[in-house]
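The values are calculated or read from the model by the stated rules, or taken from the named source; none is laboratory data. Small disclaimer: the values here were computed from a predicted structure and weren't measured. Positions of Cβ are backbone-derived with ideal geometry, glycine not excepted, and every protein chain shown enters the neighbour counts. Ligands, DNA and RNA are stripped out before the accessible areas are found, and what is left, the full protein with its side chains, is counted by its heavy atoms. Shrake-Rupley method; radii C 1.70, N 1.55, O 1.52, S 1.80 Å.
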Amino acid sequence: GFKTGVLTNNWVDDSAGRLFTATLMNLLRRHFDLVIESCQLRAQKPDPEIYTYALDALQAKPQEV
């Protein structure tokens, strides 16, 4: 009964190695219930907004995680 998630502080990768980054993120998604990328949410750790978003997405309360 546990849900798992990843919060990343990342950026839109427009480098030559972006295929590697995209592949890595796809692999991560297979192993976690939730993957939050700061570049897509436009909030990053330690901004409370990213944690609030994660809690809402996981339907969890702070004391449960």
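Here are the numbers for the structure shown:
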{"read-out": "Charge dipole (the range 1-48, unit charges on Cβ, about Cα centre) - positive-most of MET25, THR4, LEU41", "value": "THR4"}
{"read-out": "Accessible-area value, PHE20, 1.4 Å probe, nucleic acids and ligands omitted, Å²", "value": "150"}
{"read-out": "Heavy-atom accessible area order for VAL6, VAL65, largest first, 1.4 Å probe", "value": "VAL65, VAL6"}
{"read-out": "Accessible surface, the chain, averaged per residue in Å² (probe 1.4 Å)", "value": "80"}
{"read-out": "When the convex hull of its Cα atoms is projected in every direction, mean area for the chain (nm²)", "value": "4.7"}
{"read-out": "Accessible surface of the chain [probe 1.4 Å, protein heavy atoms]: carbon and sulfur percent", "value": "56"}
